[in-house]
Amino acid sequence: MHQETQCRRIVVKVGTSTLTRDSGSLNLHNMDHLARVLSDLQGTGHEIVLVSSGAIAIGTKKLRLPERPTELRAKQATAAVGQCMMMHVYDKLFSEYNRTVAQILLTGEDVDAPVRSEHLHNTFEALLELGVIPVVNENDSVSSAEIETGHCKVLGDNDTLSAIVARLCGADLLILLSDIDGLYDADPHKDPNARLIRRVSAVTPELRAMAGGAGTWRGTGGMATKLNAAETALAAGIEMVIANGNNMDAIYDIVAGKDVGTRFALEERR
């Protein structure tokens with residue numbers, strides 16, 4: 001088992017379904033609990049990076065729009081409003097636990113171009129050295145990669161983004177918090193006999209066949225994007241865990257190497 005002391009740099013990605021309620025309103029209970037757990041982990045010596053979805057869903061509610069916009073320019077405007085509100089809430093919540101956050105908004109070009117990615121790496125290093133918790137999201141106001149998928153081969157969803165950020169930061173562990181307990185051998189919403197897969201050492205075609213489509217109306221990610229993230233993480237030697245974001249305290253057990261959700265890890269050579 002991995003011990004907590006071995007895992008120093010952690011990237012945590014939270015999905016829209018964890019941050020917002022069905023109505024589109026912020027789930028302040030989950031956000032506060034997340035801020036408390038991550039602040040506590042930082043206090044025990046870990047370095048934390050948070051990748052946070054939710055800008056468009058939060059902006060939709062903030063602007064009192066009847067539904068999520070469908071036109072690209074309207075989505076990007078809504079994301080700008082939602083991102084502002086989301087960072088305001090994170091800044092307020094983390095401040096309660098005496099922590100400082102920073103905002104980093106990325107596009108595909110930022111992580112794909114060697115010079116820009118080197119600058120990004122240096123920025124992350126400087127922030128972490130200063131004890132700051134970077135809060136990362138895709139820059140939806142200038143990039144159409146996530147909200148108009150297929151236009152950019154690098155990013156396209158925050159699951160993939162979080163794995164790229166983990167690689168960029170040289171993280172030890174990537175945690176994806178979603179509205180599902182992990183990877184199942186069948187769709188748990190349709191098959192009552194679906195079993196949770198606890199450990200995965202490689203992303204195979206068989207695994208991909210088990211992955212369904214996109215998640216809830218508030219988010220863009222599904223299990224397929226999480227498997228893409230796992231592939232990126234494993235290739236960089238980073239462990240990844242998919243777990244349910246409704247139980248934030250489980251993050252402690254994940255960091256300690258306990259069986260929570262689905263853990264993607266290369267098999268140790270004997």
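Read the figures in this text as sums done on the coordinates, not as results from a lab. Please read all numbers here as calculations on a predicted model, not as lab measurements. All Cβ positions, glycine included, derive from the backbone under ideal geometry; neighbour counts span all protein chains shown.
The phi-based Karplus calculation (6.51 cos²θ - 1.76 cosθ + 1.60; θ = phi - 60°) puts the 3J(HN,Hα) values of the range 158-167 at 6, 5, 4, 4, 5, 5, 5, 5, 4, 5 Hz, whole numbers, x for Gly and Pro.
Residue by residue, the range 100-105 carries 3J(HN,Hα) couplings of 10, 10, 10, 9, 10, 10 Hz when phi is fed to the Karplus relation 6.51 cos²θ - 1.76 cosθ + 1.60 (θ = phi - 60°); x denotes Gly or Pro.
Ordering GLU96, GLU109, GLU231 by the number of other Cβ atoms within 10 Å of each residue's own Cβ, fewest first, gives GLU96, GLU109, GLU231. Among HIS119, HIS29, HIS189, the largest mean-square fluctuation in a Gaussian network model of the chain, built with springs joining Cα atoms closer than 10 Å, belongs to HIS189.
Maximal additional length on extending the ALA194-TYR252 stretch stands at 18.3 nm, based on 0.36 nm per residue less the C-alpha distance. Under 5 Å between amide hydrogens, built in the peptide plane, is the criterion, and for PHE264 it picks out VAL200, MET240, VAL241, ILE242 among residues at least 5 positions away or on other chains. Backbone phi angles across the range 63-71, fed through the Karplus curve with coefficients 6.51, -1.76 and 1.60 (θ = phi - 60°), yield HN-Hα couplings of 7, 6, 7, x, 7, 4, x, 10, 6 Hz in residue order; Gly and Pro are listed as x.
Toward the positive end of the charge dipole of the chain, with +1 on the Cβ of Lys and Arg and -1 on the Cβ of Asp and Glu, the farthest Cα among VAL111, THR204, ILE180 is that of ILE180. Within the listed set SER17, SER117, SER141, the Gaussian network model of the chain (springs between alpha-carbon atoms below 10 Å) gives the highest mean-square fluctuation for SER117. For the chain, the tally of Lys pairs with Cα-Cα distances below 24 Å comes to 16, considering only residues 8 or more apart or on different chains.
Remark: GLU138, GLU267 ranked as GLU267, GLU138, counting other beta-carbon atoms within 10 Å and listing the fewest first. Dipole magnitude for the chain: computed about the Cα centre from +1 point charges on Lys and Arg Cβ and -1 point charges on Asp and Glu Cβ, it is near 320 debye. Computed from the Cβ-Cβ distance with R0 of 30 Å, the FRET efficiency linking ASP179 to VAL115 stands at 0.20. Using a Gaussian network model of the chain with C-alpha springs under 10 Å, which one of PRO134, PRO188, PRO66 is most mobile by mean-square fluctuation? Of PRO134, PRO188, PRO66, the most mobile in the Gaussian network model is PRO66.
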